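I have placed the structure first, in the form of structure tokens, so that the comments after it can refer back to it.
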Amino acid sequence: MGASDHLYIFDTTLRDGEQSPGASMTREEKVRIAKGLERMRVDVLEAGFPAASTGDFESVRAVAEAIKESRVCALARARDPDIHAAGEALAQAEAGRIHTFIATSPIHMQNKLHMTPDQVVDAAVHAVSLARQLCDDVEFSPEDAGRSEHDFLCRIIEAAIDAGARTINIPDTVGYNLPEQFGGLIRTLRERIPNSDKAVFSVHCHNDLGVAVANSLAAVQAGARQVECTINGLGERAGNAALEEVVMAVKTRQDVFSCSTRINAREIVPTSKLVANITGFHVQPNKAIVGVNAFAHESGIHQDGVLKHRETYEIMRAEDVGWHTNRMVLGKHSGRNAFRSRLEELDIHLDSEEQLNEAFARFKTLADKKHEIFDEDLQALVTEAGAAL
Ligand code: KIV
Ligand code: ZN
């Protein structure tokens, strides 16, 4: 069966994002972020892991009570107490989901779980069935799927779907896969599992090799219809796929993707700032979409092009992701056109071309000594140029 044209965005900032060492959040902070995610219209938000601590249980419960427009999800290992805790924490949710998982790679089954593959399948089926008694919407993840054997994945996923899972999430838990390989895995699973059309295929990619977003996008091209991701790419170790990058790649390259999201992209930057302020994890300036330089132009050639037509050097509009506008940074690479245009914006009018030349020459000299020229610098050097003539 062909995949649908809706791509579900499952945000896990409050769960996997919080697993970034040093990024833990209070209940109130989680509710504030959850409301930002709801404004952004994420389809599902994973609020936490209720069995992990009393605090996490209370946070999931508070988020479940506060959120009405997104589905609220709680994580549970494939163990009865975890699943009961998740069900209880979600009791007041308008729309809830229990996400249960168990590891399926040989290294995890032998060394961490000390379970045989048959025991793992039985535990998964039991967990999904129990979760379905507590919640209509159940997601199952074979943890470390990226390093699991394909035959075994097919077997356990088919059994989980038969037991009632309606979302099958394929995690690349340790960020080991590369895009072509990961896209191929999703294609293979969808083709080989006889009941695969009864579930939405989801992906959850970690960024250990810096390809979490590329892997997620390759999976979407192969028919995955849910992407698990986090604001600013927060998450365990090197993080998860960044929500803002996945969403904007799909929106910007509609020629490539046969699906779209319902995300209100104008909420991306405000939510990114909220998460950065609360967690203290600041965004690097050159980070795609949400870095302060993502829509800034410094070189004269680029500034001249953008002033003539923005699409010469912009594939997205800053305003569409929630920035006030794009930015012309005046520095040593800037040209006369950007210089003149900034003076006009500041309502500074020079009497002659000669004065402009003199001011521009002074600007270049100053720019060699300073990283960025601010409006006050411009004001001062124009006054000096006027006096010199
Ligand atoms: O990375 C992972 O495998 C996870 C699972 C719990 C989905 O976070
Ligand atoms: Zn993860």
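The values are calculated or read from the model by the stated rules, or taken from the named source; none is laboratory data. The structure presented is a predicted model; accordingly, all values stated were derived computationally and were not measured. Using ideal geometry, Cβ is built from the backbone for each residue, glycine included, and neighbour counts are taken over all protein chains shown.
Numerical summary
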quantity: Every residue from the range 242-264 that is touching a residue at least 60 places away in the same chain (Cβ under 8 Å) and either small (Gly, Ala, Ser) or crowded, with 20+ Cβ neighbours inside 10 Å (or both); calculated: Leu243, Glu244, Val246, Val247, Met248, Val250, Ser258, Ser260, Thr261, Ile263
quantity: Only one of Ser4, Ser20, Ser70, Ser24 that is within 28 Å of Gln254 (Cα to Cα) and at pLDDT below 95; calculated: Ser4
quantity: Unmet requirement for Gly223, which otherwise passes all of (1) in contact with a Lys or Arg (Cβ under 7 Å, 6 or more places away or on another chain); (2) within 16 Å of ligand 2 (Cβ to nearest atom); calculated: (2)
quantity: Any chance Thr312 is β-branched (Val, Ile, Thr) and touching a residue at least 60 places away in the same chain (Cβ under 8 Å); calculated: no
quantity: Pairs, first within 18 Å of Ser272 (Cβ to Cβ) and within 14 Å of ligand 1 (Cβ to nearest atom) in the range 222-239, second of a type in the set (S, T, N, Q) and not in a loop (DSSP other than H, G, I, E, B), C-beta under 6 Å, six or more apart; calculated: Val227/Ser216; Cys229/Asn240; Thr230/Asn240
quantity: Near pairs, Cβ below 7 angstrom, 6+ apart or cross-chain, from the range 56-83 (crowded, with 24+ Cβ neighbours inside 10 Å) to any residue that is among the basic types (Lys, Arg); calculated: Ser59/Arg27; Ser59/Lys30; Val63/Lys30; Cys73/Arg97; Leu75/Arg15
quantity: Considering residues of the range 215-245 that are aliphatic (A, V, I, L, M) and not in a loop (DSSP other than H, G, I, E, B) only, the residue nearest to Leu37 (Cα to Cα); calculated: Ile231
quantity: Filtered residues of the range 9-44 (kept if within 15 Å of ligand 1 (Cβ to nearest atom) and either part of a strand (DSSP E or B) or among the hydroxyl-bearing types (Ser, Thr, Tyr) (or both)); calculated: Phe10, Asp11, Thr12, Thr13, Ser20, Val44
quantity: Hits in the range 265-309 (condition: aromatic (Phe, Trp, Tyr) and free of Cβ contacts under 8 Å to residues at least 40 places away in the same chain); calculated: Phe295
quantity: Residue match in the range 69-81 (condition: under 21 Å from Thr13 (Cα atoms), among the charged types (D, E, K, R) and either in a helix (DSSP H, G or I) or within 12 Å of ligand 1 (Cβ to nearest atom) (or both)); calculated: yes
quantity: Hits in the range 112-146 (condition: within 16 Å of ligand 2 (Cβ to nearest atom), at negative phi and under 28 Å from the mean Cα position of the chain (by Cα)); calculated: Glu139, Phe140, Ser141, Pro142, Glu143, Ala145, Gly146
quantity: Number of the condition not met by Ala218 [criteria: (1) within 16 Å of ligand 1 (Cβ to nearest atom); (2) in contact with a Phe, Trp or Tyr (Cβ under 8 Å, 6 or more places away or on another chain)]; calculated: (1)
quantity: Complete set of residues in the range 193-215 that are under 18 Å from Phe140 (Cβ atoms) and not β-branched (Val, Ile, Thr); calculated: Pro194, Asn195, Ser196, Asp197, Lys198, Ala199, Phe201, Ser202, His204, Cys205
quantity: Complete set of residues in the range 353-389 that are of a type in the set (Ser, Thr, Tyr) and either closer than 20 Å to Ser299 by Cβ or in contact (Cβ under 8 Å) with a residue 12 or more places away in the chain (or both); calculated: Thr365
quantity: Residue match in the range 148-159 (condition: under 21 Å from Pro81 (Cα atoms) and either more than 16 Å from ligand 1 (Cβ to nearest atom) or touching a Leu at 6+ places or on another chain (Cβ under 8 Å) (or both)); calculated: no
quantity: Subset tally (residues that are away from ligand 1 (no atom under 13 Å from the Cβ) and either of a type in the set (Lys, Arg) or free of Cβ contacts under 8 Å to residues at least 24 places away in the same chain (or both)) for the range 45-55; calculated: 2
quantity: Some residue of the range 28-36 being within 16 Å of ligand 2 (Cβ to nearest atom), at pLDDT 95 or above and either within 30 Å of Arg192 (Cα to Cα) or not aliphatic (A, V, I, L, M) (or both); calculated: no
quantity: Any hit, the range 178-193, residues being more than 19 Å from Thr100 (Cα to Cα), crowded, with 24+ Cβ neighbours inside 10 Å and among the hydroxyl-bearing types (Ser, Thr, Tyr); calculated: no
quantity: Residues of the range 163-213 satisfying the condition of being among the charged types (D, E, K, R), under 18 Å from Thr104 (Cα atoms) and away from ligand 1 (no atom under 16 Å from the Cβ); calculated: Arg190, Arg192
quantity: Tally, over the range 352-389, of residues that are buried (at least 17 other Cβ atoms within 10 Å of the Cβ) and of a type in the set (Gly, Ala, Ser); calculated: 3
quantity: Elements of type helices (runs of 4 or more DSSP H) contained in the range 279-389, each with 2 or more residues being touching a His at 6+ places or on another chain (Cβ under 6 Å); calculated: 300-308
